[in-house]
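Everything below concerns the one structure shown next.
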Amino acid sequence: MGPRPLNQYVLKVHSRCDLACDHCYVYEHADQSWRGRPREIAPETVSAAATRIAEHARDHGLHRIHLVLHGGEPLLLGAAGLAMVLTRLRGGIEPVAQLDLRMQSNGVLLTPQLCDLFVEHGVQVGISLDGDAVANDRHRRFAGGASSHAQVRRALALLRRPEYRDNYAGILCTVDVRNDPIQVYEALLAEAPSRIDFLLPHATWNSPPPRPDGAATPYADWLLRIYRRWVRDGWPVDIRLFDSLLATATGGQSGTESVGLDPAGLAVIETDGAWELADSMKTAFDGAAGTGLDVFRHPADAVASHPEFARSQRGVSQLCQTCRECPVVGQCGGGLRAHRYSDAGGFDNPSVYCADLKGLITSINHESSTSAVRTGAAPDPGGPRGDLLLDGLPADDLLDDLGAGYGSAANLRRLATAQLAYVRGLLVQIADRVAGTPIAAAWDLIVRLDEEAADAVSAAFAHPYVRRWARHCLAPPAGESPDWAFLGALAAGVAIRAGVGVDLEVPVRSGLVHLPGLGALALDEPGEREACLSIAGGGFTARAGHSAVAVPLAGPAPPPAAWLPVRQAELDGWRVLVEDLDPYRDCYEWPVAGRLGPAQLAFWRRSLAAAWTRIQRSVPGQAPGMRVGLRAVTPLRVDPTGRLRSAASRDAFGAVGTVPTDPDPLAELLVHEFQHMKLGAVLDVSVLYDPAYQRRLTVPWRDEPRPLEGALQGTYAHLALADIWRARPGAQAGQQYRRYRGWTVRTIDELAATGALTEHGERFVRRMRDTVDSWSDDPR
Ligand code: SF4
Ligand code: SF4
C-alpha cells in the first residue's frame, strides 16, 4: 500500500508575530528556523503551494482539502496580502477539490474589513485565548510585557457579530495548571465559541512540563475538573480533546493528532515554500520538523512518502513497547509525537504526559460509562422501554436538538452511550443464560477486559450489529435457535482490539469465523462448528480440524487471502465501514448484498466520498452528527427493477443499508436512513407517544395508513429530504422541496392532532414544526 495522501495543510503566511508569548513553540522552543525565513509569503510561493496541493488532490482523487493559514501571526500580512493568498489558493485548488479554509490567529489585529474578507472566502477563524485576564496574561503578552487580553476579547466580540458568527471557528487554549480550571472554562465559555481546543504545553523528556508541588498528574487533574463541569453543564460546547477521547472509547476516530491512532496526514508549508512536518515537532530539537523538501522542487507525494510521515501513519507499530502494551493505547496513541522525544531514546518513549494521559483517559472512561455490566441494569429483551437509559441526561436539550431535524455531535454521542448501555444490559442477560456452559469463559474474559481495557470492550460492543445478535439470542424468531456461541467471537474481537494473548473457542458459520467489526476468516474445514483462536502478538491463529491459519493484523507481514477484513471508505478525514460481512447485518426489509468485489468496493468508496461532500455542502447541519453516529454502511442487494432501496434498523444503531448508486441519490438515502436511525435511538431513550394509541394515520407518501410511530419516522425523514432539496438549484429541485415540505407539514399537523403525543413527543414535533416554519415556501 502506498503512503496515505495528504488532505490537510498548514500554510505559514507570515513568520513573525506581534505577540511574544513565552510558551510559543515557534519562537521559544528548540527549533529556531523562523530566523532564516522570509517574513511574508511571496505570491509565487502561494501559487506553487496551490499547484502542488491541487495536483496531489487530482492524482489521489481527494475531493476536499483542509488548509489552515498560520504564522507567526497570519493577520500581519494585512488585508491585501491575505486577499492575494486566498485568491491564489482558491484559484489553484478549487477547480480540483473543495477547499475548507481556516485560520489560527491571536486576534489582536482583527478588523471588520478582515472579517468581510474571511466571509467572502469562507475562512473559519480560530482565536488563541488561555482563559480570563490573569490566565491569558501569564504567557500571551506583547514584547514589552503588556497584556493582550482586551484586544483578543475585542476580536472574539467581532466574530460573534451575526454577520461573522458563521466564520467563528472556536478558541485554542494552552493549559497552564497554575490557572484555576473552572475559571478558565467559564471565561472561554463566556466567549460563546462553538468549539474549544485545549492544548497541553509542548514539552519533551528533555524539558518536561512544569509540575507544581511535584504533583503526579496535574494536567489530568486540571482537565478532569473541566470535564466534570462540562458533563454537568450538559456539553454546552464541543471540547475537542474530550470529544476525541469519548469517540475513541467507542471505536470512533480521534480526529486529531494529539491523541488516538488516526494516521497523520498534515503537512506544513513555510513562508519560503519549505515542506515541513507538524509544527509541534519544533519542540523536539532544532530542525526536527524539516524535510529538506520545498514546493518549488518537490510534489506533495514526496512529502507523503517522507520517512517521518510514514512513521506517523503506522499506528500502534510506531510506538514504544510500553505504549504498545498500554490498555488505553487506542485512545491515547502515545499522545503527540513531539511529546515522546528524548535525546537518549529519540521518539521511542511514552509521552512525557504519559501519567496524565492515562489518568485522564481511565477517569473519563470510567465516568462516561453507564455500564450495565457494573450496574446490573437489565433491559427488556423485547426492546428498550423509553426513559430507561436517559437518566441523568438533560432530555429537553437532546429533544430540541434532534427534533429540529439535525443532532449535534454531543447529542449523537449521548445516544451512542445509551445504546452501548443497552447492549451491555443485553449481554448481562446472555451471560446469565450461558452460565455453567463452556461459553461462559468468553463472558469471563469480557468482564476481565472491561477492567483492563474498557475501550476495547466498548469498541467491540459498539459495532452496530452486536445488538441485533444479542436480541436474536434472547428472543429468537420462531424456528430459529439462539447463537450463544457467537459470544466467543465477540470476546475474541475484544481481545484482539486490546492486544491480549488468550485462547478462545469461536463458532464457524458457513466456513467462516466472524469477528464482528474486524472481518472474517475463511476456513478449509466447512464442516467444523467450532474453531480455536489463539490470540497473540497483534494477530491470531485459527485451528479447526486439520487446518491452522495464522492471521497477522499488525506488523509488516500481510494477512493471508483467507482473511477477509471489514473494509472502510474514507470520507474526508473520517472513515465509515463498508459492512458486507457481518452475519447479523441481514436485519432490514431488503436483502443485503454479499461480499463486494474490488471494482464494486471502489465504486462504493468513490460514491460514498462524493455523497459525503454533497451532504456537507447541502445539509451541513447533518454533518457533525453523522460523523459521530454513522459507523457502517451496509450494501443492500440491488432491486432488479432498478428502484432505489435503503433501510435502517432500530437494532443496528450506527448502520444504514443502501444500494449502490450515484452520489446525489446516495446522499439522500444516507440522510434519510440516518434520520430513521437517530429517531429510533431517541425512541429508545424517551417515550414520545402513548404506546396504547392504536389508530393509524393517513400519510401522503403511502397509500395505506401508518401506525403513529411509522408516521413520525416518515415525517422526520421527509423533513431532512426537504432540507436537501432546499439547497439544490433548479426548478425541479424546487418542486421536490415543496413536495417534501408539504408532506412534512401535513403529517406534523396529523401527529399533533392525535392527542397521543407525550410531553416529550409534543416538544419533539414542535421543534420539527419550528424548522419547517423557518423555511420559506419557495427557497428560490
Ligand atoms: S500569538 Fe502565537 S505565534 Fe505569536 S507568539 Fe503567541 S503563540 Fe507564538
Ligand atoms: S498512556 Fe502512556 S503508555 Fe499508554 S499509550 Fe499513552 S503515552 Fe503510551
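What to note about this one:
- Estimated at 0.36 nm per residue, the fully extended path between D396 and D180 surpasses their Cα-Cα distance by 74.7 nm.
- Angle between the chain longest axis and helix 43-60 axis [Cα atoms, degrees, rounded to 10]: 20
- Based on the reciprocal of the average 1/r between different C-alpha atoms, the Kirkwood radius for the range 545-618 equals 14.9 Å.
- Rounded accessible area of R37 (nearest 10 Å², 1.4 Å probe): 30
- For D137 and R324, the FRET efficiency from 1/(1 + (r/R0)^6), where r spans their Cβ atoms and R0 equals 56 Å, is about 0.85.
- Restricting the calculation to alpha carbons of the chain gives Rg and Dmax of 26.5, 81 angstrom.
- Shape call, the range 406-452: gyration tensor on alpha carbons, a/c limit 1.5: prolate
- Cα gyration tensor shape of the range 90-172, rounded if a/c is under 1.5, else prolate or oblate by comparing a/b with b/c: prolate
- Rounded to the nearest 20, the Cβ-based charge dipole of the range 38-118 about its Cα centre (Lys and Arg +1, Asp and Glu -1) stands at 80 debye.
- With protein chains left intact and a 1.4 Å probe, residues in the chain average 39 Å² of accessible area per residue.
- In a fully extended conformation the segment linking T758 and W484 would gain 94.9 nm over its present Cα-Cα distance, using 0.36 nm per residue.
- Positive-end residue, the range 222-307 charge dipole about Cα centroid, Cβ charges, pick of T283, H298, I269: T283
- Exposure rank, largest accessible area first [L189, L402; 1.4 Å]: L189, L402
- Largest to smallest principal axis extent of the C-alpha atoms in the range 456-496, angstrom: 34, 17, 10
- Rounded to the nearest 20, the size of the Cβ-charge dipole of the chain about its Cα centre is 980 debye, with Lys and Arg at +1 and Asp and Glu at -1.
- For the range 630-754, the spread of Cα positions along each principal axis, largest first, Å: 41, 35, 27
- Positive minus negative residues near G292 (Lys, Arg vs Asp, Glu; Cβ under 14 Å): -4
- For the chain, C17, C115, C173, C320, C323, C326, C332, C354, C473, C532, C587 have no disulfide-compatible partner, since no other Cys C-beta lies under 4.7 Å from theirs.
- Percent of beta bridges antiparallel (DSSP, the chain, rounded to nearest 5): 55
- Counting Lys and Arg as +1 and Asp and Glu as -1 over every other residue whose Cβ lies under 15 Å from the Cβ of L596, the net charge comes to +3.
- Whole-percent carbon and sulfur share, accessible surface of the chain, 1.4 Å: 51
- Additional length obtainable on full extension of the chain from R728 to N206, 0.36 nm per residue less Cα span: 182.4 nm
- Measuring between their Cα centroids, the range 109-125 and the range 573-608 lie 42 Å from each other.
- Whole-angstrom gap from the range 453-494 to the range 211-246, using each part's C-alpha centre: 33
- Coordinate range along principal axes, alpha carbons of the range 170-306, Å, largest first: 53, 33, 30
- Viscosity 1.567 mPa s, 4 °C: Kirkwood-radius Stokes-Einstein D of the range 616-661 over Cα pairs, µm²/s: 108
- Overall form of the range 421-574: rounded. Here a/c, set by the Cα gyration tensor axes a ≥ b ≥ c, is under 1.5.
- Degrees, to the nearest 10: 112-121 long Cα axis against longest axis of the chain: 50
- Sum of side-chain charges, Y219 neighbourhood, beta-carbon under 13 Å (Lys, Arg +1; Asp, Glu -1): +1
- Options W235, A648, H23, ranked by Cα towards positive dipole end of the chain, top entry (Cβ charges): A648
- Acute angle (nearest 10 degrees) that the helix 409-434 long axis makes with the longest principal axis of the chain, alpha-carbon atoms: 40
The values are calculated or read from the model by the stated rules, or taken from the named source; none is laboratory data. None of these values were measured; they are calculated from a predicted model. Using ideal geometry, Cβ is built from the backbone for each residue, glycine included, and neighbour counts are taken over all protein chains shown. With ligands, DNA and RNA removed, areas are computed over all heavy atoms of the protein, side chains included. Shrake-Rupley method; radii C 1.70, N 1.55, O 1.52, S 1.80 Å.
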